[in-house]
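Taking it in order: structure first as structure tokens, then the write-up.
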Amino acid sequence: MDLKSTLLLTGGSAGSFKLLNAVIRVLPTPQAAQRKAWKWRNVSTSLAHSCLTGAGAVLCFYRHPQMMEDLISFCSLHSHSLVAISTGYFIHDFLDMALNQPFKQSWDLLLHHSLVISCFGLAVTSRLYLGFAVVSLLVEINSIFLHLRQLLLLSGRRNKPGTELTAPQPSLAYSITSWLNLGTFLVFRACMLGWMSHWLARHSEHIPRYVLMMGAAGLSLISTMNVAMFYKMFKADILKNIRNTTENH
């Protein structure tokens, strides 16, 4: 795929996710989520991206297992298209947050998206480091359950009906989603990001300094955000449930 086709695919992806967001706007929204209608649309759009790119990354490595042997120069139409589509999503989501959410609430995600767009943009325009970018998209497997958890919270389906005021107990759907979220978080975020950091350090001699700095900055920021995110979810979904169970007995 040449540069013009790459830019068209990236722009088309950004426009498609914008269109999806607009379609979600006219679909029925749960009553509890109507007060945060923008958040509902944003997370729903993010869920679609996670399902698409998470499955796409797995399929990419299944079809091209040799890519793991050369994450720098290996290039296929599948991997190139997948990273371009994901770049388009991050451009859309960056603009969506910048226009609809106060900066003090979204500055960290805006910074995260800026680094991702820079790294993915370099990969799709240079046709280098696509394997490394596809590895990073395996994180989206966890994001599927992360976004499902957010949608359950927004729709007021965290607790079993009738237990909210007396003795809050998580619903079955929320419990399953929560455990899958925490489990895939450890595998596809903690372990994967640790492996990516190790790979980057091991191949630093073969990577230009500016690329190495971009990758290191991105991984450092994402790792810091992930530690804070995991603690927050563990506290809300595990420690809080233990405390509520103890108090009820």
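If a residue must be assigned to a helix (DSSP H, G or I) and either over 23 Å from Ser197 (Cβ atoms) or β-branched (Val, Ile, Thr) (or both), how many such residues does the stretch 67-89 contain?
So the first thing to find is which residues in the stretch 67-89 are assigned to a helix (DSSP H, G or I), and the list is 67-69, 77-89.
With either over 23 Å from Ser197 (Cβ atoms) or β-branched (Val, Ile, Thr) (or both) added as a condition, the list becomes 77-78, 80-81, 83-85, 87-89.
Matching residues across the stretch 67-89 total 10.
Just one of Arg158, Arg202, Arg127, Arg209 is on the phi > 0 side of the Ramachandran plot and basic (Lys, Arg); which is it?
Details: Arg158 fails: on the phi > 0 side of the Ramachandran plot; Arg202 fails: on the phi > 0 side of the Ramachandran plot; Arg209 fails: on the phi > 0 side of the Ramachandran plot.
Of Arg158, Arg202, Arg127, Arg209, the one residue that is on the phi > 0 side of the Ramachandran plot and basic (Lys, Arg) is Arg127.
Looking at this structure, is Met214 under 26 Å from Ala236 (Cβ atoms) and part of a helix (DSSP H, G or I)?
It is false that Met214 is under 26 Å from Ala236 (Cβ atoms) and part of a helix (DSSP H, G or I).
Across the stretch 72-87, which residue is nearest to Leu200 (Cα to Cα) among those that are in contact (Cβ under 8 Å) with a residue 60 or more places away in the chain and either surrounded by fewer than 23 Cβ atoms within 10 Å (Cβ to Cβ) or β-branched (Val, Ile, Thr) (or both)?
Keep residues of the stretch 72-87 that are in contact (Cβ under 8 Å) with a residue 60 or more places away in the chain, which gives 72, 77, 80-81, 84-87.
Restricting the remaining residues to those that are either surrounded by fewer than 23 Cβ atoms within 10 Å (Cβ to Cβ) or β-branched (Val, Ile, Thr) (or both) gives 72, 77, 80-81, 85, 87.
Values: Ile72: 11, Leu77: 24, His80: 20, Ser81: 23, Ile85: 24, Thr87: 21 Å.
Looking at the filtered set, the residue picked out is Ile72.
Restricting to the stretch 21-41, name every residue that is open to solvent by 100 Å² or more (accessible area, probe 1.4 Å) and either in contact with a Lys or Arg (Cβ under 7 Å, 6 or more places away or on another chain) or more than 20 Å from Gln105 (Cα to Cα) (or both). Full working, then the answer.
Our first condition is that a residue be open to solvent by 100 Å² or more (accessible area, probe 1.4 Å); within the stretch 21-41, this holds for 25-26, 28, 31, 34-36.
Scanning the stretch 21-41 gives Arg25, Val26, Pro28, Gln31.
When you check Leu193 against the structure, is it assigned to a helix (DSSP H, G or I) and in contact with a Leu (Cβ under 7 Å, 6 or more places away or on another chain), yes or no?
Working: assigned to a helix (DSSP H, G or I): yes; in contact with a Leu (Cβ under 7 Å, 6 or more places away or on another chain): yes.
So Leu193 fits the description; yes.
If we keep just the residues of the stretch 50-64 that are closer than 18 Å to Phe188 by Cα and not aliphatic (A, V, I, L, M), which is most open to solvent (accessible area, probe 1.4 Å)? Explain how you work it out, then say what you get.
Step one: list which residues in the stretch 50-64 are closer than 18 Å to Phe188 by Cα, which gives 50-62.
Right, trim to not aliphatic (A, V, I, L, M) and you get 50-51, 53-54, 56, 60-62.
On the way: Ser50: 0, Cys51: 60, Thr53: 0, Gly54: 2, Gly56: 10, Cys60: 0, Phe61: 31, Tyr62: 181 Å².
Per the stated criteria, the residue is Tyr62.
It is to be established whether one or more residues within the stretch 123-131 are more than 26 Å from Trp38 (Cβ to Cβ), surrounded by 22 or more Cβ atoms within 10 Å (Cβ to Cβ) and of a type outside the set (A, V, I, L, M).
First, pick out the residues of the stretch 123-131 that are more than 26 Å from Trp38 (Cβ to Cβ): 123-131.
Cutting the leftovers down to surrounded by 22 or more Cβ atoms within 10 Å (Cβ to Cβ) gives us 123-124, 129-131.
Next, only the ones that are of a type outside the set (A, V, I, L, M) stay: 129, 131.
Checking the stretch 123-131: at least one residue is more than 26 Å from Trp38 (Cβ to Cβ), surrounded by 22 or more Cβ atoms within 10 Å (Cβ to Cβ) and of a type outside the set (A, V, I, L, M).
May I ask you to list the residues in the stretch 6-20 that are open to solvent by 50 Å² or more (accessible area, probe 1.4 Å) and of a type in the set (S, T, N, Q)?
Ser16
Which one of Ala55, Ala32 is modelled with pLDDT of 95 or more and part of a helix (DSSP H, G or I)? If you could, list the steps in order and put the result at the bottom.
Details: Ala32 fails: modelled with pLDDT of 95 or more.
After ruling out the rest, the residue left standing is Ala55.
The values are calculated or read from the model by the stated rules, or taken from the named source; none is laboratory data. This is a predicted model, so every value here is computed, not measured. In this analysis, Cβ positions are derived from the backbone assuming ideal geometry, glycine residues included, and neighbour counts consider all displayed protein chains. We work out accessible area using only protein heavy atoms, side chains counted, and drop any ligands, DNA or RNA first. Shrake-Rupley method; radii C 1.70, N 1.55, O 1.52, S 1.80 Å.
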